[in-house]
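Notes follow once the structure below has been shown.
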Amino acid sequence: MPAKVSSFAFFPQSRSRIRDRLAPPSYVAYLVFIMLILALVVQYLFALADGHGPHGDDEVEAGPVDAALVEFTASGHIGKFVQEWPGKTELSEYPSSFTRGIEPKNIHSHNDYWQKVPFYQGLSVGAVSTEADVWAFDGDLLIGHEKTALDKKRTFRSLYIDPIVDVLEKQNPATEFVNNTRCGPFDESCYQTLYLWVDLKTGAEETWPLVEAQLAPLRERNWLTKWTGKAVIPGPVTVIGTGSSNWEVLIANKTRPRDYFVDAPLLKIGSKSEQMHADGKTPLYDSTSSPFATSSLIQAVGSIKGELSEKQLKQVESLVKAAKERGILTRFWETPNWPTRRRHNIWRQLLDVPVGLLNVDDLEDAAFGDW
Ligand SMILES: *[C@@H]1O[C@H](CO)[C@@H](O)[C@H](O)[C@H]1NC(C)=O
Ligand SMILES: *[C@@H]1O[C@H](CO)[C@@H](O)[C@H](O)[C@H]1NC(C)=O
């Protein structure tokens with residue numbers, strides 16, 4: 001039998017094997033290794049001490065903003081001054097600074113509840129649109145893509161409604177200067193609405209009344225975009241039903257104001273098969289029912305190679321144009337994710353058209369990637 005090459009193991013081993021390993025000359029190797037670790041620890045401690053330098057006494061208390069998060073950009077004393085300023089003065093934060101510095105982007109956080117931190121993660125990269133798949137169960141709404149993913153603690157309320165209220169409370173503070181503002185979640189752009197897509201996984205008739213009821217905390221605070229019967233009044237959150245949502249259940253209801261909208265079928269807009277009102281002339285879907293129309297990209301243009309062909313791009317452009325003539329924006333889902341280069345090509349092409357929202361699974365890549 002050939003001798004086994006011994007390698008560094010991080011898994012539990014039998015005692016006899018450990019004893020084998022401690023036999024010389026590997027004993028010497030262990031000593032060297034331990035000394036190396038010691039050297040690294042000492043170096044680290046010195047670096048720490050250095051950071052607090054000659055002013056070690058006025059050590060910075062952990063202020064509202066972690067001082068260590070401010071990067072050194074200058075080599076003079078001002079570098080250190082800037083780093084320490086937030087903790088020393090506590091003047092760095094202001095009432096609506098929770099989302100400061102986030103540039104809103106036309107990104108839709110597709111299947112957002114798959115992110116480790118639903119809603120907040122998309123918000124933190126600037127996604128103006130998020131999506132919750134909801135299942136009616138026992139009078140509540142559970143969140144998940146498949147039934148296998150459901151958990152009674154992961155609800156529409158706990159993952160979306162409560163967090164959205166939490167952020168909007170911060171962005172709309174009651175102070176001696178202002179009250180009852182209707183700002184969206186982005187500090188940089190008060191008037192940027194958050195699109196909240198509610199993808200019904202169970203029947204609309206059973207599920208939508210639950211959604212409607214659970215929107216109450218947003219409704220009570222006047223934070224929903226609404227249709228009064230005469231005008232669409234924009235608000236911090238625009239709710240759009242999709243999945244099994246349909247015009248009959250969501251839009252036909254004549255109660256006003258209506259504070260939710262429905263996803264329109266993009267492939268039908270302006271086509272011969274478009275659904276009409278009873279008069280046979282007025283289209284069912286318009287900007288008062290639907291801020292957006294969507295379609296699978298594959299269904300719209302067929303299978304895609306490295307990027308959209310000229311013909312496919314023309315098809316996308318004509319769909320976007322038909323929707324635009326109704327005052328409706330567009331989003332294509334089922335956009336290829338891999339290989340990354342293909343995804344990037346298609347993102348570029350779609351944004352150039354431009355589509356209203358980019359359908360995104362990899363939020364970091366879409367927001368900060370070099371594509
Ligand atoms: C806003 O409301 C609070 C609490 O009611 C009040 O103290 C404050 O003066 C109000 N601010 C303005 C600008 O009216
Ligand atoms: C219409 O909408 C209102 C409020 O959203 C709701 O209370 C009512 O039950 C709805 N009516 C029907 C027939 O769905």
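The values are calculated or read from the model by the stated rules, or taken from the named source; none is laboratory data. Since we're looking at a predicted model, the values are computed, not measured. Note that we place each Cβ from the backbone using ideal geometry, even for glycine, and neighbour counts take in every protein chain shown.
The figures follow:
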item: Condition met for Glu212 (more than 16 Å from ligand 1 (Cβ to nearest atom) and modelled with pLDDT of 95 or more); result: yes
item: Candidate set from segment 125-174 (those that are of a type in the set (A, V, I, L, M, F, W, C) and in a loop (DSSP other than H, G, I, E, B)); member that is nearest to ligand 1 (Cβ to nearest atom); result: Ala174
item: Tally of residues being of a type in the set (Gly, Ala, Ser) and within 15 Å of Arg348 (Cα to Cα) across segment 292-335; result: 2
item: Residue match in segment 314-324 (condition: part of a loop (DSSP other than H, G, I, E, B), touching a Gly at 6+ places or on another chain (Cβ under 9 Å) and aliphatic (A, V, I, L, M)); result: no
item: Residue among Tyr191, Tyr195 that is away from ligand 2 (no atom under 16 Å from the Cβ), in the same structural domain as Leu329 (by TED's automatic domain parsing) and either in contact with a Cys (Cβ under 8 Å, 6 or more places away or on another chain) or small (Gly, Ala, Ser) (or both); result: Tyr191
item: Members of segment 215-237 that are part of a loop (DSSP other than H, G, I, E, B) and away from ligand 1 (no atom under 16 Å from the Cβ); result: Leu215, Trp223, Thr225, Thr228, Gly229, Lys230, Ala231, Pro234, Gly235, Pro236
item: Test: residue in segment 347-354 that is farther than 19 Å from His110 by Cα and either among the acidic types (Asp, Glu) or assigned by TED's automatic domain parsing to the domain that holds Leu194 (or both); result: yes
item: The lone exception for Ser97 - which of (1) in contact (Cβ under 8 Å) with a residue 40 or more places away in the chain; (2) closer than 24 Å to Glu334 by Cβ it fails; result: (2)
item: Selected residue [within 16 Å of Ile161 (Cα to Cα), away from ligand 1 (no atom under 16 Å from the Cβ), crowded, with 17+ Cβ neighbours inside 10 Å and of a type in the set (A, V, I, L, M)] from Ile251, Ile240; result: Ile240
item: Residues being within 16 Å of ligand 2 (Cβ to nearest atom) and either surrounded by fewer than 13 Cβ atoms within 10 Å (Cβ to Cβ) or farther than 20 Å from Arg331 by Cβ (or both) - total across segment 254-296; result: 6
item: Condition broken by Asp133, with the remaining ones in (1) within 16 Å of ligand 2 (Cβ to nearest atom); (2) within 24 Å of Ser295 (Cα to Cα) satisfied; result: (1)
item: Within segment 257-300, tally of residues that are of a type in the set (Lys, Arg) and under 18 Å from Ile240 (Cβ atoms); result: 2
item: Asn253 being in the same structural domain as Ser189 (by TED's automatic domain parsing) and at pLDDT below 95; result: yes
